[in-house]
Amino acid sequence: MTTTTAPLADAPPDPAPVPAALKRAARRRRSVPYLLLLAGVAWLLVFFVAPMVYQASTSVQTGSLDTGFKVTWHFATYWNALTEYWPHFVRSLVYSGIATVLCLAIGYPLAYTIAFRAGRWRNLLLILVIAPFFTSFLIRTLAWETILADQSPVVSFLNRVHLLDVTTWLGVTEGHRVMATPLAVVCGLTYNFLPFMILPLYTSLERVDGRLHEAAGDLYATPFTTFRKVTFPLSMPGVVAGTLLTFIPASGDYINAELLGSTNQKMIGNVIQSQFLRVLDYPTAAALSFILMAVILAIVTLYIRKAGTEELV
Amino acid sequence: MTTPSTTSEATGDAVRLTGISKTYGSFTAVHPLDLTVPAGSFFALLGASGCGKTTTLRMIAGLEDPSGGSVRLGGRDVTALPPYKRPVNTVFQNYALFPHLDIYENVAFGLRRRGIKSVKQQVGEMLDLVQLGPLARRRPHQLSGGQQQRVAVARALINKPQVLLLDEPLGALDLKLRRQMQLELKRIQTEVGITFIHVTHDQEEAMTMADTVAVMNAGRVEQMGAPADLYENPASTFVANFLGTSNLIEAEVTGVLGGTLHLVSAGQKLTLPAARSRADVTAGDRVLAGVRPEKITLAHRDDEDAIPAGRNRVQGRIVDSSFIGVSTQYLVDSPVGAELEVFVPNVERDARLVPGAPVILHWNPEHTFGLDAAQDIDAGTESDDEPAPGGGGAPAAAGAASAVPAGGAGGAAA
């Protein structure tokens, strides 16, 4: 195009300011993401990074509440905490691991049904899944105290069908009680974290195109093979997200062990809580927190490697 | 018509549907239907959306349970078999490729499900057949629409099904790619000799690819036959209008003389070979006389004397004309009823043939076909998926688009 000035056009603006304005606009556009991040970053700095640093320093302090705590780089606290409380760590990981597997076993069929079979009941069922969130975590766990109480219908029924004999033989209950046993704590954990499993599972199952099921059936896959080779692999993002969202908070949980267990079911969360609030041994509590964090991080890293996020679409 | 080198069952029928039907509540998607597809043929089920063609295909695949009737594949009754036990494979409308598997594994899926361990050679050959060998390790989402389509074909064909079912396989592709894939599919079918049943709403696609076309409308097969036969001898107004375009003139029979029907419509005398009339009529009855737009010659009224005797003539006045490239399409208002369409090849253009000009439409009476006047004369015209005159929309749109920059340039120069 040659630059023949249109006589009817208004006097064109000086060409120089245009690039300048454009540059300003571009700069503004570039800075927008940072502005949007500002609130979140500030929040994380104040409520996550600062406490972490504070706890890290606490964990290497020595002293007592009376004499005051001083940073003495006393890393032995970690070793002492680990040697003294390793059974609690193991118990925490075992309980939360079992609870996660149970959540997956209960949640997957449920999420599958909601995603593929529920039809017009889908939204109602989803609301029912999140309905427990309308009540406090504590109250719901207290409710389980009633459900699992020695004279409760549930426990009487379990006794009548001799299921408790089986669980006692397995070592997860004692005699004819459920309360104050590992079973009770695992039940509480499973119940409390189930929605965190169902929702991500549902989200990823819901995205699986139903026509893929037809295609698999058309290509000689039985319904079960279709599930194994198509539906389940495609729902892996939900499985990974759901197991993480269940396992991580469950392994740090102390409410369920506190309310449904006895001293024999104390999890690491209970130890940390009592070290902080009752024993007032802050360095040990802080060290335990960091060990827990490191253990979970290691497990999650291994798990994601194994589950293979690169397989996720 | 190509006769592919048929493999196993050279004779006999690949598919035989007997009284098959499908109802959803009170809605009948497919009326009891009998259909026989010869082995090795390229068979097209053609119809507008919602006519029951896809439902019919899905009943053959086993993805839909028929409400009645039976499906036989190569003589074996498979009506009660689930899809994974039927020796048919489907190319789905949106391909339905497995997104978590690469192309190789997508193609190998069917073989692996049947417990075949060494799939390498077969998959390789199949990928070569659809020219996708180098892309074996890509994921479906990394492929273009045309490539995905070929994967879908390969994934189905590798199982050497008795019948390959194609459900609007080219619907998602643009026009040019669709033409290319039509030839490609035709080539593959000839090469492998498997029976193809192709569902489409595109009449051009059906006619270019298939040996036999079954035109479906409202859950029924209206007519079945070779494409040329359907086009030249439509049995109903639906087929006449859906397959290409037809000019249908409602006329009264004045007499039957020596195998020729003499008709009159709005004072214009027409003749029609009695053998080409689908309606059994005698003097006094009404009949629809049809003629394809390209069979008609258009002459200016001044040249009336030059028209040879014995041809059917209709007077009219040009209402509209559009230049298509290879031909010019005229819309002519005439006393015989609806506006008539005429396609005139652009060999020698008559400058007098402009809107408003008085004209005579004339054609060989042999090219007239007769239909039962009791039918809806407009059946099959309101195809919502594709404009009836094939490709008619595209050049017009291109013209409009090219007009914009031209107008813009004019404005700048002013």
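Per-residue answers, yes or no, for (1) under 26 Å from B:Thr237 (Cβ atoms); (2) not basic (Lys, Arg):
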position: B:Lys269; (1), (2): yes, no
position: B:Leu272; (1), (2): yes, yes
position: B:Val287; (1), (2): yes, yes
position: B:Pro293; (1), (2): yes, yes
position: B:Thr297; (1), (2): yes, yes
position: B:Gly310; (1), (2): no, yes
position: B:Ile318; (1), (2): yes, yes
position: B:Ala357; (1), (2): no, yes
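Each residue in the stretch B:300-323 was checked for being in contact with a His (Cβ under 6 Å, 6 or more places away or on another chain) and in a helix (DSSP H, G or I), and 0 of them qualify.
The residue list A:Val94, A:Val129 contains one member that is surrounded by 14 or more Cβ atoms within 10 Å (Cβ to Cβ) and touching a residue at least 24 places away in the same chain (Cβ under 8 Å), which is A:Val129. Within the stretch B:92-106, the residues that satisfy the criterion of being more than 10 Å from chain A (Cβ to nearest Cβ) and either buried (at least 22 other Cβ atoms within 10 Å of the Cβ) or outside any loop (DSSP other than H, G, I, E, B) (or both) are B:Ile103, B:Tyr104. Determine if the stretch A:51-60 includes at least one residue that is within 19 Å of the chain's Cα centre (by Cα) and part of a helix (DSSP H, G or I). No, the stretch A:51-60 has no match at all.
With respect to the stated conditions, A:Leu302 fails to be in a helix (DSSP H, G or I), farther than 30 Å from A:Asp150 by Cα and either within 14 Å of another protein chain (Cβ to nearest Cβ) or modelled with pLDDT of 95 or more (or both).
Among the conditions (1) at negative phi; (2) buried (at least 21 other Cβ atoms within 10 Å of the Cβ), the only one that A:Pro249 does not satisfy is (2).
In the stretch B:139-249, counting only helices (runs of 4 or more DSSP H) that sit wholly within it, the ones holding 2 or more residues that are of a type in the set (Phe, Trp, Tyr) span B:237-242. In the stretch A:178-194, the residue that is nearest to the chain's Cα centre (by Cα) out of those that are buried (at least 22 other Cβ atoms within 10 Å of the Cβ) and within 17 Å of A:Pro132 (Cβ to Cβ) is A:Phe193. Only one of the numbered conditions (1) within 14 Å of chain A (Cβ to nearest Cβ); (2) more than 23 Å from B:Gln189 (Cα to Cα); (3) not β-branched (Val, Ile, Thr) is not met by B:Leu57, and that is (2).
At least 2 residues being under 15 Å from the mean Cα position of the chain (by Cα) and not hydrophobic (A, V, I, L, M, F, W, C) is the threshold, and among the helices (runs of 4 or more DSSP H) wholly inside the stretch A:229-288 those reaching it are A:236-252.
B:Val253 meets each of the listed conditions (1) in a strand (DSSP E or B); (2) under 30 Å from B:Pro335 (Cα atoms); (3) outside the structural domain of B:Val336 (by TED's automatic domain parsing) apart from (3).
The numbered conditions (1) surrounded by fewer than 23 Cβ atoms within 10 Å (Cβ to Cβ); (2) within 10 Å of chain A (Cβ to nearest Cβ); (3) under 22 Å from B:Thr54 (Cβ atoms) are all true for B:Arg112 except (3).
Residue by residue, here is whether (1) at pLDDT 90 or above; (2) away from chain A (no Cβ under 14 Å); (3) out of contact with any Pro (no Cβ under 8 Å at 6 or more places or on another chain); (4) not in a strand (DSSP E or B) holds:
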residue: B:Leu45; (1), (2), (3), (4): yes, yes, yes, no
residue: B:Ser49; (1), (2), (3), (4): no, yes, yes, yes
residue: B:Ser70; (1), (2), (3), (4): yes, yes, yes, no
residue: B:Leu81; (1), (2), (3), (4): yes, no, yes, yes
residue: B:Thr90; (1), (2), (3), (4): yes, no, yes, no
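Residues that are of a type in the set (Gly, Ala, Ser) and more than 14 Å from chain B (Cβ to nearest Cβ) number at least 1 in the following helices (runs of 4 or more DSSP H) confined to the stretch A:114-222: A:137-147, A:153-160, A:182-206. In the stretch B:59-68, which residues are free of Cβ contacts under 8 Å to residues at least 60 places away in the same chain and part of a helix (DSSP H, G or I)? The answer is B:Met59, and nothing else. Would it be correct to say that B:Pro345 is under 24 Å from B:Ala266 (Cα atoms) and either touching a residue at least 60 places away in the same chain (Cβ under 8 Å) or surrounded by fewer than 18 Cβ atoms within 10 Å (Cβ to Cβ) (or both)? So B:Pro345 fails the test.
Filtered by the rule that a residue be within 14 Å of chain A (Cβ to nearest Cβ), under 12 Å from B:Val107 (Cβ atoms) and free of Cβ contacts under 8 Å to residues at least 24 places away in the same chain, the stretch B:121-152 gives no residues.
The values are calculated or read from the model by the stated rules, or taken from the named source; none is laboratory data. Owing to the predicted nature of the structure, the values given are computational and were not obtained by experimental measurement. Note that each Cβ is placed from the backbone with ideal geometry, even for glycine, and that neighbours are counted across all protein chains shown.
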